[in-house]
Amino acid sequence: MSPEWSNASSDLLVAIDRDSDEPLRSQLERQVREAIRTGRLRVGERLPPSRELAGALGLSRGLVQDAYAQLLAEGYLVARVGSGTRVAAGACPPPSPPPPPSRPAGRSPLLADFRWGVPDLGAFPLSDWLWAVREAARGMPVAELDYGDPRGSAVLREVVAGYARRIRAAAADPEHTVICSGYAQGLSLALGALARTGVRRVAYEDPGSPASVRAAAAAAGLEAVPVPVDEQGVDVAALAATGARAVVVTPAHQWPTGVVLGPERRLALIAWAAAVDGVVVEDDYDAEFRYDREPVGALQGLAADRVVSISTVSKSLAPALRIGWVLCPPALTQALVSVKHVSDRGSPVLDQLALARLMESGRFDRHLRRMRAAYAARRAALLAALAEHAPDVTVTGLAAGFHAVAHLPETADEQALVTAARARSVGLYGMSTCRTSQATAPPRLVLGFGNVGERAVTAGIAAIGDLLTGRDPARSGGPRPGNRCAAPRPGPR
C-alpha cells in the first residue's frame, strides 16, 4: 500500500546537474522513471505539483509540466482533477510480499505461558492513558517542548516524589529525583554515576539478575560480584567480604526467591554502606502488589544519603511505556544527572506529563486496585491447581508480585521438565537462569502469572501436574488420568 500524504504535496528527491550535457528536462524525466521502476515511488503515490517542484529545483514550471506530460504519455503517471499527478498502476513492479511470521517447526500456541516479569498486558488502562495524554497535551506549556532539564519534567518529579513518600515511605525530594527510561537505564545511570565517584566493584544478589547487572556494570567499567541470598535476604556478612562499595538489591520482594529483606538485615545493610562509604542500589521491585502482609517501606526511607532507589511503571502499567524514576542521594545527584545528560539528554516529556496527570487524577491508584484483585485471584488459582495436581510441590515467594517459586523434588531434572512441559504447550522457566553459575540444582521453577488468566493457570498446571511430582519427564508422554484438566473456571482471560 502506497503512503497517503493527505492534501499536502510530498517532496521528491531529484538531483539536477547543470554542468551535464544532458538536457534538464531529460534529467528530470529519467530520474522519475528510475524512481518508479526501482520502487522508490509506489503505485498511487502522488508527485509534487509542477509549481512546487519547479520552485524546489530552480526550474521553469513549463519544463516540469512538459516532463510530466511525457511521463503521462509513456504510462508512468496518471493525472486526475482533484487528485493530482500520481504513479500509474502497472508502472512499477509490485512490492515483495512480506515473509510469513516465523514459528518454530512443530510449536503450537501455548496453553499457558508462565513467563515471569510480565504484567497483564491486556489490562493496560488504554482509555485512561489516552485521556491523560490529551489532558497533558492540552495544558502543556510551549517551553516544555525544549530540551529541558535532564532530570525530567519538574511536574512528574514532584508527583512521583509525593507518590514515593505516600506509598513507599521514601524520603523523596523532587530536586534529587531523575526520570529514566525504565529500570535498565536507571541501573546504568546509577552504576555510571558510582564509577565517576571512584567505585570499582559492585555486588549483586545471587540468585538474582546476573546478566543485567553484569552488563550494566561492564558498561560502567565496574567489576560485578555475586552475593548469596538466604531466607532473610542478601547475606550482609558475605557482602562485606567481597570488597565491594556498592550492591544491587531487591529488598521489598527479592527477585526471584520472593523473600523480604528482614529488619535486622536492613539495618546491617545500611551500616555496611556507612562503614565502607558505599551505596545501596534498591530495585523497588513488585512493591505495589502485596497480599499476605502490609507493604514494606522502601529501604531508601531509612538512609536517603546511602540508597539509590529505582522504581518504574513497567509492572504497574506496561513495560512498553519505558518510564521510571531514580531517587538519588544528594551527593550523587549531579554525577547521575551528568550521565543521564550524556545518555539521552532527557526522557520524552509528553509521556512524563501524561503519567503525572494519570497519577494526580487517581486513575493510576484505581488501576492498581483492580490489578491487585486480578493478581490475587490468579495467585489463588495457581495455589489451588498445584494443591490438586502436584500437592507435594512447595511454593514460596507469593507474598507479593505476580510470580511464585516452585520447589521441585531434589531428583528432578529442571531442564528436562521445562522441555517436557513445552511439548505439552506449557511454558515453564527454571531458576537456573537467575543464578550466576546457572546451576540447575536445587531444581526450582519461577512461575509468572501476571499475564496468564485464571483458566489458563488452572489448565496449564493440570497439564503438567505429573511432571512436577517428579516422574521422569522423558518417559511421561502425557498427563495421568487423574490429572486431566478441570472444567474452565470463569475469570479474567
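The values are calculated or read from the model by the stated rules, or taken from the named source; none is laboratory data. Please read all numbers here as calculations on a predicted model, not as lab measurements. Please note: Cβ atoms are built from the backbone with ideal geometry, for glycine as well, and neighbour counts cover all protein chains shown.
Remarks
- The residue list Leu355, Leu299, Leu317 contains one member that is touching a Lys or Arg at 6+ places or on another chain (Cβ under 9 Å), buried (at least 21 other Cβ atoms within 10 Å of the Cβ) and assigned by TED's automatic domain parsing to the domain that holds Val142, which is Leu299.
- Set side by side, the residues Val395, Val405 differ, and just one is farther than 14 Å from Phe114 by Cα, among the hydrophobic types (A, V, I, L, M, F, W, C) and part of a strand (DSSP E or B), which is Val395.
- The criterion of being in a helix (DSSP H, G or I) and in contact (Cβ under 8 Å) with a residue 12 or more places away in the chain does not hold for Asp365.
Conditions tested, residue by residue: (1) surrounded by fewer than 18 Cβ atoms within 10 Å (Cβ to Cβ); (2) of a type outside the set (Phe, Trp, Tyr); (3) assigned by TED's automatic domain parsing to the domain that holds Glu144.
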| position | (1), (2), (3) |
| --- | --- |
| Val342 | yes, yes, yes |
| Asp351 | no, yes, yes |
| Arg370 | yes, yes, no |
| Leu386 | no, yes, no |
| His389 | no, yes, no |
| Ala420 | no, yes, no |
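- The set of residues from the range 42-63 being assigned to a loop (DSSP other than H, G, I, E, B), crowded, with 19+ Cβ neighbours inside 10 Å and not aliphatic (A, V, I, L, M) comprises just one member, Pro48.
Per-residue answers, yes or no, for (1) in a loop (DSSP other than H, G, I, E, B); (2) in contact with a Leu (Cβ under 6 Å, 6 or more places away or on another chain); (3) basic (Lys, Arg):
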position: Ala193; (1), (2), (3): no, yes, no
position: Val199; (1), (2), (3): yes, no, no
position: Ala203; (1), (2), (3): no, yes, no
position: Gly208; (1), (2), (3): yes, no, no
position: Ala224; (1), (2), (3): no, no, no
position: Val227; (1), (2), (3): no, yes, no
position: Ala244; (1), (2), (3): yes, no, no
position: His253; (1), (2), (3): yes, no, no
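- The lone exception for Arg372 - which of (1) assigned to a loop (DSSP other than H, G, I, E, B); (2) within 22 Å of Val446 (Cα to Cα); (3) touching a residue at least 60 places away in the same chain (Cβ under 8 Å) it fails: (1)
- Residue list for the range 294-309, filter: over 15 Å from Gln254 (Cα atoms), out of contact with any Leu (no Cβ under 7 Å at 6 or more places or on another chain) and in contact (Cβ under 8 Å) with a residue 12 or more places away in the chain: Gly301, Leu302, Ala303, Ala304, Asp305, Arg306
- For the range 136-154, the candidate set comprises residues that are assigned to a helix (DSSP H, G or I) and under 13 Å from Asp351 (Cβ atoms); within that set, the residue that is modelled with the lowest pLDDT is Glu144.
- Restricting the range 190-216 to residues that are over 21 Å from the mean Cα position of the chain (by Cα) and among the basic types (Lys, Arg) leaves a set whose member that is surrounded by the fewest Cβ atoms within 10 Å (Cβ to Cβ) is Arg200.
- Consider the range 16-41 and keep the residues that are in a loop (DSSP other than H, G, I, E, B) and of a type in the set (Lys, Arg). The one that is surrounded by the most Cβ atoms within 10 Å (Cβ to Cβ) is Arg40.
- Considering residues of the range 435-462 that are among the aliphatic types (A, V, I, L, M) and under 26 Å from the mean Cα position of the chain (by Cα) only, the residue surrounded by the fewest Cβ atoms within 10 Å (Cβ to Cβ): Ala456
- When Asp277 is tested against the conditions (1) at pLDDT 95 or above; (2) crowded, with 16+ Cβ neighbours inside 10 Å, the lone failure is (2).
- Among residues of the range 175-186, those that are out of contact with any Leu (no Cβ under 8 Å at 6 or more places or on another chain) and over 14 Å from Gln352 (Cα atoms), counted: 5
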